[in-house]
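Only the coordinates and a few stated rules stand behind these numbers; no lab work does. Because the structure is predicted, anything quoted here is derived from the model rather than measured. Backbone-built Cβ (ideal geometry, glycine too); neighbour counts: all protein chains shown.
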Amino acid sequence: MKKIIILMSIVTAFLLQSCEKKGPGDNYDFSNSLPPYVEISAKTQLSVLEGTNATIAVRLKTAVQEPVVVNYAVSGAFSTTGSVTIPRGVLSANVTLPIPSTLVPPGSTAVNASFKITGAKKGSTDLTIGALGVNSNEVRPILIVKNLISFESEGLQITETVADQTIKIPIVIAGKLKSQTSLSYTVTPKAGNTANNLQLVSANPLVIAAGETTAFIEIKVKDNLAINAGNIYEVKLTGATAPVGSEVGVDADASLYTITVVDDLKTVAFVTTTPVDVKVAANKSFEVKLSSPSSATITVPYAITGGVAGTDYILRTSGTLTFAPGVTSSNINLDIPAGYGVGKVLKITLSSISAGDAEASLGTPKEVVLNLLAP
C-alpha cells in the first residue's frame, strides 16, 4: 500500500509540472496593443447649407461590450454641445447636428465652425480619444454656406460604342444662384487606368448663369478599340467662385462622380447552329455575324476541310471574311457541283480574328457542317 501511495505522488507531481509549461501564446508581447479608442470617421472639411442638418460619423476602434457615450462640442460660427451613444457591440454612430439659419452674414460667402470630440465613456471608464493614445485632437472643420453645389448622383457605367457618346453629368444647386458662378472641376483616371476614353466637351471652369439651380458637365466617351481593366475615371468638383454676395460653395460630401467605361466586347460567329444537308447541286451561303459594330475593319480567316476544292465544292468568296467599319454581317458562299462526293462531310471553321479590333473574339458556333448526301 505504501508503494502505491508513493507511486501516485510521483505521477501527480509529474502532471503538475507538465501543467506549468508555457504554451505558445505565453511569449506574446501585448505591451504595444492599442486600447479601444474613439475617433471621427472622416476629418475632411464638411460643407453644409445653413438651416439644415449636418451628419458626422464617429467610430469606435474595437467593439466593446458596453454602450459608449461620446461627447462633442461645436465652436466657431455657432456653439453647442451634445452626446451620441455607440450601442453595445457596434462600431459607429452618427451625430445629427442642426445648423442654425442666418449664420452667413450678408456679403459673405461662408462661415466656419469646428466639430470636436471632447470625451468618451464606457460606463464610468474614460476611453482614449484618437489613435495616439494621449487624447489626440479629433476635429472636423465645417464650412457653412447659404448655397451648395453638388453632383446629383454618384456616377454611371457606360459601354463603349462605335459612335462617340456624349454624357451629361447633372449638377444641382440648393438654391438659385444670385450671380454668375464659375465651377472648377477635375477629370482624372483612377490609378492604373491608361485607356484615355474621355474627351472633355464643357469648359473648365464651367460658367453657370445667375438664377440657375442645375447645370451639366458634358464629356465625350470614345471607343479606344482596346481591352482595358479598371477603366474608371473620377470627376471632382474642386471649387466655386463668384462675385461677393453669391454665397455659394461645393458640397464636399457630394463632389465626386465616377465614370466606369466598359469595353465593347464583340463576338464573331456563324448564324447557322445545326448541320446543313446537301442532296443536290446547289449554291450555299453561310452568314457570319459580328455581335456589334466596330470602328475598325475586322478580318477573320476561315478554313474548309473534309472535301476537295473544285470537286466537292467551289469557293465563291475569298478565304478571309471582312467586316468593314459599322458592318455586322459577312457571308461565305459555296457552290456544290453535281459531281460532289456523296457521304463526305465538309466543315467550315473560323480560324481566328487576325486584325482590326482587340475587343473582338470568336464566338459560338465558330464551325458549320455540310453533309453531302445522296440525291
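Fewest to most neighbouring Cβ within 10 Å: what's the order for Ile304, Ile227?
Arranged by neighbour count, lowest to highest, Ile304, Ile227 become Ile227, Ile304.
First obtain the Kirkwood hydrodynamic radius of region 37-145 from its Cα pairs, then insert it into the Stokes-Einstein equation at 37 °C and 0.692 mPa s, and state the resulting D in µm² per second as a whole number.
Details: Rh = 14.4 Å.
Taking Rh from Cα pairs, D becomes 228 µm²/s.
Which entry is the computed Rg and Dmax of the Cα atoms in Å for this structure: (1) 36.3, 114; (2) 29.3, 107; (3) 25.5, 90?
Computing Rg and Dmax of the Cα atoms in Å and matching it to (1) 36.3, 114; (2) 29.3, 107; (3) 25.5, 90 gives (1).
Can you pull out the GluC sites (Glu not before Pro) in region 173-259 that DSSP calls coil and that have at most 13 other Cβ atoms within 10 Å? Don't jump to the answer; show the numbers that get you there.
Numbers: sites: Glu212, Glu218, Glu234, Glu247; in loops: Glu212, Glu247.
Counting only loop positions with at most 13 other Cβ atoms within 10 Å, the GluC sites (Glu not before Pro) in region 173-259 are Glu212.
With each run of n ≥ 4 DSSP H residues scored as -39500 (n - 2.57), what mean residue ellipticity at 222 nm is computed for the chain after dividing by its residue count and rounding to the nearest 500 deg cm²/dmol?
After summing the helix terms and dividing by the residues of the chain, the value is -1500 deg cm²/dmol.
May I ask you to work out the translational diffusion coefficient for region 99-255 at 10 °C, viscosity 1.306 mPa s, via Stokes-Einstein with Rh from the Kirkwood sum over Cα pairs, reported in whole µm²/s? List each step's numbers first, then the result.
Details: Rh = 18.7 Å.
In µm²/s, the coefficient rounds to 85.
What's the FRET efficiency of Phe216 with Ser101 using the Cβ-Cβ distance as r and R₀ = 30 Å, to the nearest 0.05?
My answer for the efficiency is 0.50.
Would you mind checking the pairs Lys116/Lys236; Lys168/Lys236; Lys176/Lys236; Lys289/Lys344; Lys220/Lys266 and listing those with alpha carbons more than 18 angstrom apart? Intermediate values should be presented prior to the final figure.
Details: Lys116/Lys236 27 Å; Lys168/Lys236 14 Å; Lys176/Lys236 22 Å; Lys289/Lys344 27 Å; Lys220/Lys266 21 Å.
The answer is Lys116/Lys236; Lys176/Lys236; Lys289/Lys344; Lys220/Lys266.
Choose one of Gln65, Ile332, Ala113: the residue whose Cα lies farthest towards the positive end of the charge dipole of the chain (beta-carbon charges +1 Lys, Arg; -1 Asp, Glu; about the Cα centre).
Value computed over the given set: Gln65.
Please compute the Kirkwood hydrodynamic radius of region 266-372 from all pairs of different C-alpha atoms, in Å with one decimal.
Values: mean 1/r = 0.0708 Å⁻¹.
Over region 266-372, the inverse of the mean reciprocal pair distance is 14.1 Å.
So what's the convex hull volume per residue for the Cα atoms of region 267-314, in Å³? Let's see the in-between values first.
On the way: hull volume 5.3 nm³, N = 48.
So the per-residue hull volume is 111 Å³.
Can you list the HN-Hα couplings for region 261-270, worked out from phi with the Karplus curve (6.51, -1.76, 1.60; θ = phi - 60°), rounded to whole Hz and with x for Gly and Pro?
9, 9, 4, 8, 6, 10, 10, 10, 7, 5
Measuring from label point to label point, each 7 Å out along Cα→Cβ, what is the Leu200 to Thr62 span in nm?
Label-label distance for Leu200 and Thr62, simple model: 4.7 nm.
Rounded, prolate or oblate: which fits region 104-164 when a ≥ b ≥ c are the square roots of the eigenvalues of the alpha-carbon gyration tensor, with rounded for a/c under 1.5 and prolate only if a/b beats b/c? Intermediate results must be reported in sequence, preceding the final value.
Details: a/c = 4.12, a/b = 1.62, b/c = 2.55.
In terms of gyration-tensor shape, oblate.
For region 315-375, what is the per residue volume of the convex hull drawn over the alpha-carbon atoms, in cubic angstrom?
Values: hull volume 6.4 nm³, N = 61.
Dividing the Cα hull volume of region 315-375 by its residues yields 105 Å³.
With θ set to phi - 60°, apply the Karplus curve 6.51 cos²θ - 1.76 cosθ + 1.60 along region 84-94 and write out the HN-Hα couplings as whole Hz, x wherever there is a Gly or Pro.
Ordered by residue, 3J(HN,Hα) equals 9, 10, 8, x, 4, x, 10, 9, 8, 7, 9 Hz.
Nearest 10 degrees, 0 to 90: what angle lies between the long axis of helix 2-19 and the longest principal axis of the chain (Cα atoms)?
80
Return the whole-Å distance between the Cα centroid of region 235-292 and the Cα centroid of region 29-90.
43
Which one of Leu97, Tyr233, Val261 has its Cα pushed farthest toward the positive end of the charge dipole of the chain, where Lys and Arg give +1 and Asp and Glu give -1 at the Cβ?
Result: Leu97.
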